[in-house]
1. Six or more apart or on different chains, Cβ atoms under 7 Å: show the pairs whose first residue is in region 171-199 and over 16 Å from residue 216 (Cα atoms) and whose second is at pLDDT 95 or above and within 16 Å of the ligand (Cβ to nearest atom).
2. Taking the conditions exactly as written (aliphatic (A, V, I, L, M) and within 21 Å of residue 208 (Cβ to Cβ)), does residue 22 satisfy them or not?
3. So, in region 147-160, how many residues would count as being away from the ligand (no atom under 13 Å from the Cβ) and part of a strand (DSSP E or B)?
4. Cβ contacts < 8 Å: first residue assigned to a strand (DSSP E or B), restricted to region 263-292; second residue of a type in the set (Gly, Ala, Ser) and open to solvent by 30 Å² or more (accessible area, probe 1.4 Å), any location; separation 6+ or different chain. Result?
5. Scan region 86-129 residue by residue and report those that are among the polar types (S, T, N, Q) and either touching a strand residue (DSSP E or B) at 6+ places or on another chain (Cβ under 7 Å) or more than 26 Å from residue 26 (Cβ to Cβ) (or both).
6. Here's a check for you: in region 160-182, which residue that is in contact with a helix residue (DSSP H, G or I) (Cβ under 6 Å, 6 or more places away or on another chain) and of a type in the set (A, V, I, L, M) is surrounded by the most Cβ atoms within 10 Å (Cβ to Cβ)?
7. Suppose the filter is at pLDDT below 95, surrounded by fewer than 16 Cβ atoms within 10 Å (Cβ to Cβ) and either assigned by TED's automatic domain parsing to the domain that holds residue 228 or more than 16 Å from the ligand (Cβ to nearest atom) (or both); does residue 139 pass it?
8. Test residue 183 against the criterion of being within 16 Å of the ligand (Cβ to nearest atom), outside any strand (DSSP E or B) and not acidic (Asp, Glu), and give yes or no.
Amino acid sequence: MTRHFLAGEAQPRYSAARRDVVAGLGALAAQTGAEFIVVSGDVFESNQLDASVVSKSLEAIRGIGVPVYLLPGNHDPLDAASVYTSGLFSAERPDNVTVLDRSGVFEVRPGLQIVAAPWRSKRPTADLAAAALAGLPDEPAVRILVAHGGVDRLDPDPNNPALIRLGPLEDALSRGDIHYVALGDKHSRTRVGDSGRVWYSGAPEVTNFDDIEPDPGHVLLVDVDDDDPAHPVAVTNHRVGSWRFITLRREMDGVRDITDLGIELDNLADKERTVVRLELTGTLGVSERADLDDLVYRRGRLFAWLDLWDTHCDLAVLPADGEFSDLGFGGFAVDAVDELVATARSGDPAAAHTAQGALALLLRLAKGAA
Ligand SMILES: [Mn+2]
């Protein structure tokens, strides 16, 4: 996944982090005794990938050690161009990787089954989870349904025929046909319904800002009790992601607020793996605005990314009284400053903006000369 705002070396570090988190699952699986891992779709960003992305990803999965089951989702469906049927994938597929490439039952071991609902195109015309549950074998087994896409309970959309209906899933759970539903598509960890058996684990590494994706960076350890006939499940959260994409909403009305913002940014840990979007509102003087820009520019070098979220900022810049009186100007320059200050305070937004920029430049030049 490419994040357009990650410049320079930040994007390759982010891509590497996303692979490292996958490779690191091996240690977690060993530590927790996990028997196998399922990835509920969108393993890959698309079916059109650099060969190196496929090779490196498979290498990361190879290192996990335990069996890993990959479900094709809407980003990487099992269509004619599928990454899963490519020569490269077939040649480099590690022994511990199984692609859930048909709808229905895959046996993990006797008495333990995965019920898979893979995507075959980007636009299915039916609820694939319901289809996968039709015609389950009439034999006792612990069953994990692995499916991908939106659920009607969370994202009702009468025009989406592929929406997964929660009702039939909960019925199948109560009947004991299946015992857990591992969903993919949401990047944020999300429990669905009240059974405690239906979850989106979310993406193991953050992929978007916190307003869109409040709780990413986890994997879920699902412990199914083999011996109890009801096969109760315990779901435990493990944080594995190391990056953060955060939005800071702050009111900026003077030097004090700028100083506080600087302290707050200084106190953020792991800056190299932190992306910060600033949503600032308020009114600043021209020199205060210049100080703010300077702060963001300097701190920006320490973070994976740091900048103002322009479309959501509402920062007025008004020349403060006396802000330009002690710059040591004389003659026509004083008249020019007075004119710029008047324009900067005027109701014409475009002219005011230009005048504010000119005043900010003037301040920088004057301070530089001093
Ligand atoms: Mn998806």
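The values are calculated or read from the model by the stated rules, or taken from the named source; none is laboratory data. This structure is a prediction, so every number in the text was calculated from the model and none was measured. All Cβ positions, even for glycine, are placed from backbone atoms using ideal geometry, and neighbour counts span all protein chains on display. Areas reflect the complete protein model, heavy atoms only, side chains present, ligands, DNA and RNA absent. Shrake-Rupley method; radii C 1.70, N 1.55, O 1.52, S 1.80 Å.
1. Sorted first by the residue in region 171-199, then by its partner, the pairs are 181/147; 197/181; 198/181; 198/183; 198/192.
2. yes
3. Matching residues across region 147-160 total 0.
4. Qualifying pairs under 8 Å: 282/316; 283/316; 284/316.
5. Once the filter is applied, which keeps residues that are among the polar types (S, T, N, Q) and either touching a strand residue (DSSP E or B) at 6+ places or on another chain (Cβ under 7 Å) or more than 26 Å from residue 26 (Cβ to Cβ) (or both), region 86-129 yields 96, 98, 103, 113, 121, 125.
6. Filtering first and then ranking leaves 181.
7. Answer is yes for this residue.
8. Considered against the rule, which asks whether it is within 16 Å of the ligand (Cβ to nearest atom), outside any strand (DSSP E or B) and not acidic (Asp, Glu), residue 183 comes out as no.
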